[in-house]
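J.: Pasting a structure below so you can have a look.
Just so it is clear, none of the values below were taken in a lab; they were calculated from the coordinates. All of these numbers come straight from a predicted model, not from anything done at the bench. Cβ coordinates were reconstructed from backbone atoms using ideal geometry, including for glycine residues, and neighbour counts include every protein chain displayed.
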């Protein structure tokens, strides 16, 4: 059952892919994944298979796997559970190094038939074809164009974040979230029941994968806890691993049993084992996406001091209070730097101490940039948090009789100011763009926020909706780095 | 310095309001508030005052306060700090029972002049006019039409939530948030430095105010801690009080000193004192708005058991895990009820146990309603949490060649199903509407979510973006009720 690095490479970047169980009619999984692969632009050879034959989307449907000319690298199996073992064996004989089984009806249904099918799959896998699934959404690999079951519209931009998940739904949700949040993926694997390939082996591969810089995991249960935590600890020495563990409550434990036939476990034991392994534990998908964004976009270092820059006294007070609770420091800026900032900010109402209160939401981007540059000159500051209440421009637009807020919002100069303040000041910046005006009648605010976010992300500045989400990630990066250094 | 209930009523519902410091030119505070009052539709008499005279927006500008015909009930003062004492004294003589001072430049600037002006204001106030501010945004009262400094577009719908805040920015942000989140206000007071009227006296008033059912506070410092906590404890026996305390860190403490001249305090002491008073402590504005929504919309009771209903196994697992950490229970449903639910949900992939996995996001609303009604028949269940991934309809729309997702989303039947399942089942429902697809190109998803939210809110169903936000509020309501009963 051992697997070589090159086998994984062939699985993620296959040239010849068979899709078993493609009916030209109806809305089956096989048809769905085939059309998704075509839609996303997978450029290798696709071989749909169905005993009835025919054509689909310009491709010949082969009546059997044996009929496919030449050999295949990878197979996607979407036939009813009881037909899966035969299909898998044929794929193995046809040279496939791996297969993903989308079908359900195995150990997760907890019937004697389900367990028997599981056993058969394992037996075939042991002969030399590695299996992802069953009961999964399969692989998403933006570089090669492999995509998940319901994913014709996932991003083709490849990036540094890998995701291994026992849940298909969570995988697709994370892929969707990543698309607009600026998280780019190297490889994503929904492995469902994980009857063959699962968390530990794939983690070992990702540890060595040069395309992956940050690893995310969603696990409902692990097969060999001892081995898993050994590999996890080894991996976190090299790259951060963000872990979401499902089923750590009574009800959650019951649910994972029927979901992927997993054992939940105790919250306390998992928390302490993950901490010992220097993994970053997250509680939900929101947190996982926050962490993936920050860990892939910000320099990994200890952040001992930060500034909080924004309009509105209470906003700054609140951000520093929350930062303090997370062990992050917002030290007063050097007095000469405070003086320089005081001279450029509007008076009265501003405060240059840190939090830096810019007094009103309409301070010109150039002034914001100068403020950041001054603050970057303080040796105690390693990162800046900026809060921009863009919805304020809506009121300005109304006052000026403009119907779309974009006309009065300095979108490009704000993005340029932020981006160049990072380049020139040498310290990373994190942007918070809350939207306090989400009425149906104010869609233009949302549009402008999305535009600013997209542009900031393209310059490498991570963007969050909420201050607390951002602070958590900075605290997590600091802690990860501090522990990693302590272990070395 | 004592104040009667009736005086407060006159302050919040004045018939004659003087606005001191209205220039017909420029963008001054006085002009801003006057135009806001006109825009929001304040129906009483407005008397703008400025030594230069003239007219503004069809109103005569009086050259002095004395020139105003008859007496006034309330004054809004927006003249430079050094002119405030004289203006205030004239308002008092003119019969005003209260005044809000928007101007800054008092104790918060920490100069001898600032402290002296503060002292003078207190002296005049003691003679019989109650002062809100200085350095504040004033009063927002939807019923009477009083609005805050930058608030021409706040909601005129009155409701059950009161807010007392030392921060003007936070007040206006909360008012904006409330408008679309479905939080309706009875009275909102930004009291800034609070040199005269402040947290304790106003809390006493709100305790007796029949229009107020939930009280929110943002405080940076209290004047008389002993008295405050006594009044707070008394108040929470009658209505919930949600408290956000700013300045509980070193940096936050420094910031509140320059923001409203307050003393921060220790996090631990505040946490324990607030808990002893059975107040609900929140960490930020997001949490405060979550709590205000839930406490004003859900029945106040102990929620011992709840269901989690949604598509996607991991989503349900995650919700129950988080609930468990907050002390909320998601018990397995009675087996006969599980059987009934199993018969109506799609197979395979669904699970009726609790969390109830509905298998896919396109389950018809009528089936959702029946599911809720069955679950409501379980005596261990007091509340339902439903998670709807509406963005899934976007893929459906694309598949069907529709350009706007609204065309394929069962908006009205979903709202009707939810609303009638509450009426018929007798158990409250909380809806979670996450949006995992926030690209610029997918504004239609956001539009549909906002439409569904608005309609659900109008039927009394609270809506949240994130599961965790909702769970926190249910846990807080349960705890509040349990403690209140324990004290009785």
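J.: For chain A, find the longest principal axis of its Cα atoms and tell me its angle to the long axis of helix A:168-181, 0 to 90°, nearest 10.
T.: So the inclination is approximately 30 degrees.
J.: Two decimals, Cα atoms only, Kirkwood Rh: what is Rg/Rh over the stretch A:1-134? Please list the in-between numbers first.
T.: Details: Rg = 14.2 Å, Rh = 14.9 Å.
Reported Rg/Rh (Cα atoms, Kirkwood Rh): 0.95.
J.: Rounded to whole Å, give me the distance from the Cα center of the stretch A:424-488 to that of the stretch A:305-351.
T.: So the two Cα centres are separated by 18 Å.
J.: Compute the acute angle (0 to 90°) between the alpha-carbon long axis of helix A:112-126 and the principal axis of greatest extent of the alpha-carbon atoms of chain A; round to the nearest 10°.
T.: It works out to around 90 degrees.
J.: Over the Cα atoms of the stretch A:300-487, what radius of gyration and what Dmax do you get, in Å?
T.: In Å, with Rg to one decimal and Dmax whole: 16.4, 61.
J.: Same structure again: Going 7 Å from the Cα of residue A:208 toward and past its Cβ, which residues in the stretch A:109-134 have a backbone nitrogen under 19 Å from where you end up?
T.: In the stretch A:109-134, the label zone of residue A:208 (backbone N under 19 Å from the point 7 Å along Cα→Cβ) covers A:128-132.
J.: For the stretch A:273-392, what log10 I(q)/I(0) values come out of the Debye formula at q = 0.14, 0.19 1/Å, with one point per alpha carbon and no solvent?
T.: Debye curve over Cα of the stretch A:273-392, log10 I(q)/I(0) at q = 0.14, 0.19 Å⁻¹: -0.65, -1.06.
J.: Further, regarding this structure: Once you compute Rg and the Kirkwood Rh from C-alpha atoms, what is the Rg to Rh ratio for the stretch A:157-297?
T.: Details: Rg = 13.8 Å, Rh = 14.8 Å.
With Rh from the inverse mean 1/r over Cα pairs, Rg/Rh is 0.93.
J.: At residue B:301 and residue A:156, where each label point lies 7 Å from the Cα along Cα→Cβ, what is the point-to-point distance in nanometres?
T.: 5.6
J.: Moving on. Mind running the shape call on the stretch A:93-153? Use the C-alpha gyration tensor, a ≥ b ≥ c as the square roots of the eigenvalues: rounded below 1.5 for a/c, prolate if a/b tops b/c, oblate otherwise.
T.: Numbers: a/c = 3.80, a/b = 1.41, b/c = 2.69.
Since a/c reaches 1.5 but b/c is at least a/b, the shape of the stretch A:93-153 is classed as oblate.
J.: In addition: Within the stretch A:336-380, whose backbone N sits under 18 Å from a point 7 Å along Cα→Cβ of residue A:416?
T.: Residues A:363-373 fall inside that zone.
J.: Using Cβ contacts closer than 10 Å as the measure, can you line up A:374, B:267 from fewest to most?
T.: On the way: A:374 24, B:267 16.
By the 10 Å Cβ count, ascending: B:267, A:374.
J.: OK, next. Residues of the stretch B:49-86 with amide nitrogen under 19 Å from the 7 Å Cα-to-Cβ point of residue B:27?
T.: Only B:57, B:78-80 pass the distance filter.
J.: Expressed in nm to one decimal, what extension gain is obtained for the pair residue A:93 and residue A:406 from 0.36 nm per residue of sequence separation less their Cα-Cα distance?
T.: Working: separation 313, 0.36 × 313 = 112.68 nm, distance 5.97 nm.
Separation in residues times 0.36 nm, less the Cα-Cα distance, equals 106.7 nm.
J.: Based on other C-beta atoms within 10 Å, arrange B:92, A:453 from fewest to most.
T.: Numbers: B:92 21, A:453 24.
Listing B:92, A:453 from fewest to most nearby Cβ atoms yields B:92, A:453.
J.: So for the pair residue A:439, residue A:122, with labels modelled 7 Å out along Cα→Cβ, what separation do we get in nm?
T.: 6.1
J.: Right, next: Tell me the angle of helix B:84-93 to the major Cα principal axis of chain B, expressed in degrees between 0 and 90 and rounded to the nearest ten.
T.: 90
J.: Let me ask something else about it. Out of all DSSP beta bridges with both ends in chain A, state the antiparallel percent to the nearest 5. Intermediate values should be presented prior to the final figure.
T.: On the way: 7 of 55 bridges.
So the antiparallel bridges in chain A amount to around 15 percent.
J.: Something else now. Assume the label is 7 Å from Cα along Cα to beta carbon: what separations in nm does residue A:377 have to the matching positions in the other copies?
T.: Reported distances to equivalent positions: 7.4 nm.
J.: Just to confirm the numbers: residue B:325, label point 7 angstrom along the Cα-Cβ line, distances to the other copies in nm, shortest first?
T.: Its label point is 1.4 nm from the equivalent points in the other copies.
J.: How high is the relative contact order of chain B, given as a whole-number percent (alpha carbon pairs under 8 Å, six or more residues apart)? Present the calculation step by step, with values, prior to reporting the outcome.
T.: Details: 1015 pairs, mean separation 50.7, N = 488.
For chain B, the relative contact order is 10 percent.
J.: Averaged across orientations, what area in nm² does the convex hull of the alpha carbons in the protein assembly as shown project? List each step's numbers first, then the result.
T.: On the way: hull surface 155.7 nm².
Taking a quarter of the hull surface, the average projection is 38.9 nm².
J.: Further question on the same structure: Taking chain B on its own, what percent of its Cα-Cα pair distances exceed 44 Å? Numbers along the way, then the final one.
T.: Details: 28751 of 118828 pairs.
Cα-Cα pairs in chain B separated by more than 44 Å: 24 percent.
J.: Moving to a separate point now. List the distances, in nm to one decimal, from the label point of residue B:93 to the label points of the same position in every other copy, shortest first, placing each label point 7 Å from Cα along the Cα-to-Cβ direction.
T.: So the label point of residue B:93 gives 10.8 nm to the other copies.
J.: Here is a further query. Note down the nm distance, to one decimal, between modelled labels 7 Å out along Cα→Cβ at residue A:227 and at residue A:447.
T.: The answer from the label model is 5.5 nm.
J.: May I ask you to sort B:149, A:102 by Cβ crowding, counting other Cβ atoms within 10 Å and putting the fewest first? Can you show the working numbers first?
T.: Values: B:149 21, A:102 29.
Fewest-to-most ranking of B:149, A:102: B:149, A:102.
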